[in-house]
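I have placed the structure first, in the form of C-alpha cells, so that the comments after it can refer back to it.
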Amino acid sequence: MSSILASVALSLFVSAASAQWMKDPASSLPRTSDGKADLTAPAPKTADGKFDLSGTWLADPDPKGSRQNVENMSFSQYFINVAADLKPDEVPFQPWAKTLFMQRLQSQGKESPTARCKPTGVPAINSVPLPFKIVQTPKLMLLLYEENTTFRQVFLDGRQPVKDAEPRWLGYSTGRWEADTLVVDTAGFNDQFWLDGMGHPHSDHLYVTERFRRRDTGHLEIQVTINDPKAYTGPISYTQKLTLVPDEDLLEYFCSENERDVQSFQ
C-alpha cells in the first residue's frame, strides 16, 4: 500500500474511532442479560414484512488482518482492492484500463481523488473505514455516510434506472426486494473516482448492483457486482461484510477541514 493511501486510510479510521456521540442505548435493539446489544438475534422486520436494514454500520476489517494493515489497524480488503478475491492475472481488464491501473500503482496513489478530498464513489463508499447509517422506509432508503457527510437515495417506488443521466459521483440508485434481499442498481456515474485505493479505473458505463441482506441483528452483507464493458471484459464481484455499531450515531466529517496531504504532492 502506498504511503499516500496509508495516510488517507489512517485519518479516516482515527475519525471513526473518536468522533461518535455519547452512547445512547437504542430501545429497539434486543439485549443480552448484561444489557449489551444482542448482535446474533434474528434480523428485525418492518411493519410490511420486509427485512429492516436500518442501523449504523461499519465495514468489517480484512479477516487476514496483517495484509492490509496501517499503524496496527486493519481495513476492509475491498477498500484497498475490489479484486482482492482474484489473482492479478484474473482481473478482466480492457487494455487501456490495465495500463491506467499500472500507472496509478507506480505513482503511489498521488493522483487519488480521495487524497484530494474528492467524493468516494460507489461501491467503495460502503467499504470506507467510517460508519454509515441506513434509514429505511417503504418507498425510499437513505444511506447517510459520515465520510464527507454524503448521502445516497435508493428509490423503492418502482421507478426504473435513469437513462442518459447527467453523470454523478454516486450515480442514481433504484431498488427492489427479492425475498429477504434488497437489490440496488446504480448507474449514471462520472469517471472521476477510483473503484478502490489501489486505483482500479472505470468508465461512465459503470453499472453497480448491490444485494443487501441482513443476516441477523448485528450483521449485514452487501454482495457487489461491478459491470463496465468499456473498462473490463467481465464482471468483478465481492461480498462486503459489515457489523452494526449499536447505540452510537454519526457526526459530520469533512475531509477538507484541516487537510494537509496535498502539500506532500508538490
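Key figures
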{"item": "Filtered residues of region 212-266 (kept if of a type in the set (A, V, I, L, M), modelled with pLDDT under 95, over 19 Å from the mean Cα position of the chain (by Cα) and assigned to a loop (DSSP other than H, G, I, E, B))", "result": "none"}
{"item": "Matching entry among Y172, Y238, Y253 (being of a type outside the set (D, E, K, R) and surrounded by fewer than 20 Cβ atoms within 10 Å (Cβ to Cβ))", "result": "Y253"}
{"item": "Neighbours by Cβ (under 8 Å, 6+ apart or cross-chain): first from region 159-180, closer than 22 Å to R213 by Cβ; second surrounded by 12 or more Cβ atoms within 10 Å (Cβ to Cβ) and among the acidic types (D, E)", "result": "P161/D185; S173/D185; T174/D185; G175/D185"}
{"item": "Residue within region 111-132 that is of a type in the set (K, R) and within 24 Å of L250 (Cα to Cα) present", "result": "yes"}
{"item": "Elements of type helices (runs of 4 or more DSSP H) in region 1-117, at least 1 residues being loosely packed, with under 15 Cβ neighbours inside 10 Å and either touching a Lys or Arg at 6+ places or on another chain (Cβ under 8 Å) or modelled with pLDDT of 80 or more (or both)", "result": "95-106"}
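The values are calculated or read from the model by the stated rules, or taken from the named source; none is laboratory data. Quantities reported herein were computed from a predicted structural model and do not represent experimental measurements. Every residue, glycine among them, receives a Cβ derived from its backbone with ideal geometry; neighbour counts consider all protein chains shown.
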